[in-house]
Amino acid sequence: MESPAILLRSVADDYPDWPVSDLQQYAAHFDLAVNLGHILYRELLESFAMLLPLHSTPKLFLQLEPSNSDGREFHYHLVCEQGDMSGREFSTWLKRWRTFMDRYMAGGHVWTLLWNIRKTRQGRLYQADLSFVVRYLLPKLPVENCWFAWSNIERFQASLLSVPNRVRCLGEGGAIALPYLPSTSGSGDTEVTAVAPSMAGKSTDRFLCLIDWLVEQGIATERRWLTADKKSYRSFLGSSGGVLQAKNALMVARREMVLAHPLLGYLQRGGKPVQADNKVVELFKINGYDPEDAAWYFAAWAQGAWAKRRALWLWGPASTGKTLLAAAIAHLSPSYGCVNWTNQNFPFNDCHCQSLVWWEEGRMTENIVEVAKAILGGAPVRLDVKNKGSEDFIPTCVIITSNGDLTVTVDGPVISTAHQEALQTRITMFQLQRLVPIGLAPLPESDLHDFFKWGADLLKSKGVPPEAFRVPRRADRPRLSDVAKTPLSILACAAESRESWDSEDDWFPPSQSHSAPRSANAVAPPNSPATPHTPDPSISQLVSAPFPSSDTEDEEYQRYLEAREAVDLELWWARVLFDLDWAGRLNLVGPRGPRPVGFFHYHLWLQEPWRYHRRLALTEAAHRRRFRDWYHW
C-alpha cells in the first residue's frame, strides 16, 4: 500500500455494544482488516456512481469475518441490491472496481484481489433475498464468527454493530449454531415456538407458485397441463432443472389435492342450473331413478360424506351406460387409477395416490378381498407397488362398473358369500338396466358439471342422504312384508266366522291358473260386476223361499261377501301390475325356476336382479316373442 499508516491505525472503541478491545486482543490483524473494509465500502459506492451514473445507488451489506483456511486471515461478505441493473452491468461494476483500488497501491503495483462472484450451474449470477442477511450474516457473533460490518440498509442499522440485537435475530432462524446465552432478565421459562426451516429464492418462489396453480386448476398430469397452458408446460421443459421441477410439482400437487381437496369441488366447478336436455339426468330417468336423488347420492359420494361407504357401484348389463358415465367422471377428475384385478401380485399398483379409483368389470377374489374392503371403506392401508416399496393409500373415492356380483368372492370353482355383508356396507349401488338410446353418448362435460353442482346444492340444503346399499328408485314396489299383511287383515273377519274346517282344502285357497298376460284395459275391476243373466224370480218363488232366521246370519254373510270382494280386487290389481311391467322383467329369468307370478318372486327379483340375468340375445328374442303374444292376445 502507498500509505500503510492508514491501514495500521488503531480502531477507536466508539461502539458500546461491540467488543472492539476484545477483538483487538483476539485477532492480530483486526485493525488492518477494519481499516481496509472502510476503504472497500467507500470505493464500492464511488465506483458505482462513476461507472453506472444512470442507476440509483444500490443497497449494500458488507461484513468482515475471520477465515479458517490456511494462508488466509480474514474475508469479506458483500450483499448488493441488483435493482434495475442487468447481470452484465453488475459484473462489469465489480470487475472494474479494482482500478479504483490501484490508487491506494505503491508505484508499480496493482490491486490483485477480486470478488468471488457466486454463480449458478447455468452461469447466471446467484440471487437471494434479504433472508440471506437475516438468517446467515446477522446471527454471527464476535469474536469467533464476525469482526465488523457496514451497510446502508436502514432496517439493519440497529443490529449492525450490536451484540444484543444480533442475538435477538436468532428468533427469526439462524443458519449457524450459536453458543447458549443464559437469560439475565430473571423471568421464568418461556415457550419458544419452533419455526420450520424453508428455502428461499426465485427458483423456490416459482416452484411454490406452480404448485398453487396446479392445485387450483385441478391439474395432476402432464396431459392436462399441456391442454390447459401449452406455453407454461413447454417453458419448464427448456432446461434440465425445469424438467425435474415440473415432475416434482405435479407429484406434490396431486398428493395435496387428494389430501385436502374433495373430488366434488373439481367435479362441480363451473356448474350451472340443470337444463331440461341434460344427458346425465336423462340416463337416470330411463333407468327409473329420480334425478334429484341420483345427484344427491353422487354428490355425497364425491364429497366423502360417509366415513365407511366410499365406493359407488354401477351395475347392469352391457350397453347400459355404466362405463360411459364412469369414464366421463374419471376424465373430469384431476387424476385416477385403475384396478387390475387380473394381476395377482400388484392389483392396486396404480391406486395409492389418486383422486379417483376406477374398478372396471372386476371380480372379487379371495386374494384381494381384505385389501379391497380397506380401499372401499376408506381405511388407511399400505399398497404394494411394482419396482418400489409399499406406498400409503390415501382414502379416496372409488367407482365400480360391472355386470356381475362383486359382493361374492371367487376362488377357483368356489363362490363364497362370507364377505358379502361387509362389502355391502362399503358400497352404494345404482342399477342401470335400460340400453343407452341413440344420441345419448357421449356425455358432455358441461352436463356433468351441472349435475354435480345440483347435487352439491342439495347436499347443502338437505344434508347427507341416508346410507343404503341400493339407491331407491321411483318405481320400486313395496316390500314383501308390507304387501303380505294386506290380504291377511282383510280375510281375518271371514276366517273368524268359521268355527271348524272340513278339510285342509278349506284352509288353503285354491291355486290360481297361470294365464297369459292380459291388457289392463281388457279387464273390468270386480268392484263393478256386470248384471247376471238370470231370469227374474216369480212371486210364488219369493213367497215359498225360507225366511231368514236372524239378523246375525245376514251380517256374517255380508262381511264374507265384502272380504271376498276385497280379495278379488287385490288379485285383480296384482294381475294389472304384472301386465303393465312385463317388459321390464324380460331379462330376469330364474335358474330353472317358475314363471315370475306373485309378489314373492317379484320382490325377490327386485332385490337381487343380477342373479337372474341372461344373455342379451336371449333377452331380445324373448322380448319379441312376448310382445307378439301380448299384442295378439
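Each value in this text was obtained by applying a stated rule to the coordinates, not by laboratory testing. Note that the structure is predicted; figures quoted are calculated from it, not measured. Using ideal geometry, Cβ is built from the backbone for each residue, glycine included, and neighbour counts are taken over all protein chains shown.
Quick notes on this structure:
- Each label point was placed 7 Å from the Cα along the Cα-to-Cβ direction; for Ser198 and Phe346 their separation is 3.6 nm.
- Whole-Å distance, taken between Cα centres, linking the range 302-367 and the range 405-475: 12
- Signed unit charges on C-beta, dipole axis of the range 265-462, positive-most listed residue Cys397, Gln431, His419: Cys397
- About the centre of its Cα atoms, the range 289-427 shows a dipole size close to 260 debye [charges on the beta carbon of Lys, Arg (+1) and Asp, Glu (-1) only; nearest 20 debye].
- Radius of gyration (Cα atoms) of the range 323-416, expressed as a multiple of 2.2 N^0.38 Å: 1.06.
- With only Cα atoms counted, the range 363-475 has Rg and Dmax values of 17.7, 51 Å.
- For the range 2-87, trypsin sites (Lys or Arg not before Pro) are listed when DSSP marks them as loop and at most 12 other Cβ atoms sit within 10 Å of their Cβ; the list is Arg9, Arg72.
- Cβ-derived FRET efficiency at R0 51 Å, Ser239 paired with Ser319, nearest 0.05: 0.55
- Of the trypsin sites (Lys or Arg not before Pro) in the range 342-433, those whose Cβ has at most 16 other Cβ within 10 Å and which sit in DSSP loop: Arg363, Lys386, Lys388
- Phi angles across the range 41-51 convert, under the Karplus curve 6.51 cos²θ - 1.76 cosθ + 1.60 with θ = phi - 60°, into 3J(HN,Hα) values of 5, 5, 6, 5, 5, 5, 5, 5, 5, 8, 7 Hz, Gly and Pro given as x.
- Overall form of the range 202-261 per C-alpha gyration tensor (a/c, 1.5; a/b vs b/c): oblate
- Nearest-0.05 FRET efficiency for Leu208 and Glu46, computed from C-beta distance (R0 45 Å): 0.70
- In terms of its alpha-carbon gyration tensor, the range 4-172 comes out oblate; a/c meets the 1.5 threshold, while b/c is at least as large as a/b.
- Thr365 long-range amide H proximity, modeled H, under 5 Å: Val410
- Check: the range 202-261 dipole with +1 on Lys, Arg Cβ and -1 on Asp, Glu Cβ, in debye: 240
- Between Asp13 and Gln122, the modelled labels are 5.2 nm apart [label points 7 Å from Cα along Cα→Cβ].
- Dipole moment magnitude, nearest 20 debye, the range 395-468 about Cα centre, only Lys, Arg, Asp, Glu C-beta charged: 180
- Residue exposure sequence - Tyr26, Tyr266 - by fewest surrounding Cβ within 10 Å: Tyr26, Tyr266
- Cα gyration tensor category, rounded, prolate or oblate, for the range 265-462 with a/c compared to 1.5: prolate
- Two-site label geometry, Val385 and Glu366: point separation in nm, points 7 Å out along Cα→Cβ: 3.1
- Placed amide H near Phe393: partners under 5 Å, 5+ positions off or other chain: Val381, Arg382, Leu383
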